[in-house]
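The values are calculated or read from the model by the stated rules, or taken from the named source; none is laboratory data. Predicted model only: the values in this text are computed from it and were never measured. Methodologically, a virtual Cβ is constructed for each residue, glycine included, from the backbone with ideal geometry; neighbour enumeration extends over all protein chains shown. Calculation scope for accessible area: heavy atoms of the full protein, side chains included, ligands and nucleic acids excluded. Shrake-Rupley method; radii C 1.70, N 1.55, O 1.52, S 1.80 Å.
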Amino acid sequence: MAATIKLYTNHACPWAHRAHIALAELGLPFEEEIIDLSVPRTAEYLAINPRGLVPSLSYNGEIITESAVVSQFLIDAYPSHLVPTAGSPDAALQRARINFFVDTYFTKVNSLSTKFVLAKTDAEAEEVAAEFVKQLTKEVEPLLADAAPYFGGSKTLTLAEVLTGSFLLRLFSLPKHGVVPESLVKDLPTKAPNFYKWASKVIVHPSVTGIWNEEKVVAATKARLEKLKAQA
């Protein structure tokens, strides 16, 4: 009997977006409930996830939270092309490589994105952009040397793309709309060609773009950044 899957989500949230990519790649039917993140959470949703965050996944009534945990659970429950099947040193090594890559991207590079919020001038924002590109080139670029076109030479998406795809969409979209400096991406083809080629493939993949609405995400991001800067 097929499992009953319900995803509590918000399409503008890059973390919740991870679960959508995993579900799309696995071809799993599911019900979704949109959680409005602009207002206090309802008592009903807080009973499901006391933190009030998205995504939350109900799997046959069992609640699973946190985007990486949700994605990893789905991939473990439904073995697929996203990660090698466990049971051999080669499979364990590839899983370790994926985990290290994702950790590197978020701790060394993506973590810098919060500094854009604190930038008080265009010059400060440009400094953050320069540091972003520097760290990306140093830490992430070498890990994509064998991407062809996806992580580790895979011809299909892997867990690496599941966990980073929604953030790559924003990385390449926000500079076009003046939300962050254009210098964030303009030098990537020459300074980080491995990353640029890989990311360019990821951000057009149907599983990654399935719930993507650039106009709405850009507008929501601008509003959120203005609010945060006003509070700083």
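Any residue that is within 20 Å of HIS11 (Cα to Cα), charged (D, E, K, R) and open to solvent by 20 Å² or more (accessible area, probe 1.4 Å) - is there at least one of those in the stretch 82-99? No, that holds for no residue.
If you take the residues in the stretch 142-183 that are among the hydroxyl-bearing types (Ser, Thr, Tyr) and more than 15 Å from ASN99 (Cα to Cα), which one is most open to solvent (accessible area, probe 1.4 Å)? Among those that are among the hydroxyl-bearing types (Ser, Thr, Tyr) and more than 15 Å from ASN99 (Cα to Cα), it is THR156. The conditions of being aliphatic (A, V, I, L, M), surrounded by fewer than 17 Cβ atoms within 10 Å (Cβ to Cβ) and either at pLDDT below 95 or within 20 Å of LYS191 (Cβ to Cβ) (or both) are met by ALA123. The one condition from (1) aliphatic (A, V, I, L, M); (2) under 26 Å from THR158 (Cβ atoms); (3) more than 21 Å from the chain's Cα centre (by Cα) that ALA125 does not meet is (2). Annotation: of all residues in the stretch 1-24 being among the small types (Gly, Ala, Ser) and either assigned to a strand (DSSP E or B) or open to solvent by 10 Å² or more (accessible area, probe 1.4 Å) (or both), the one that is modelled with the lowest pLDDT is ALA2.
Identify, from the list PHE106, PHE73, the residue that is closer than 30 Å to LYS6 by Cβ, surrounded by 13 or more Cβ atoms within 10 Å (Cβ to Cβ), in the same structural domain as PHE167 (by the TED database) and at pLDDT 95 or above. Steps first, answer last, please.
On the way: PHE73 fails: in the same structural domain as PHE167 (by the TED database).
Within the list PHE106, PHE73, the selection yields PHE106.
Of all the residues in the stretch 25-50, those that are assigned to a helix (DSSP H, G or I) and out of contact with any strand residue (DSSP E or B) (no Cβ under 6 Å at 6 or more places or on another chain) number 7.
Here's a check for you: in the stretch 60-81, which residue that is in a helix (DSSP H, G or I) and among the hydrophobic types (A, V, I, L, M, F, W, C) is nearest to TRP15 (Cα to Cα)? Among them, the one singled out is ALA68.
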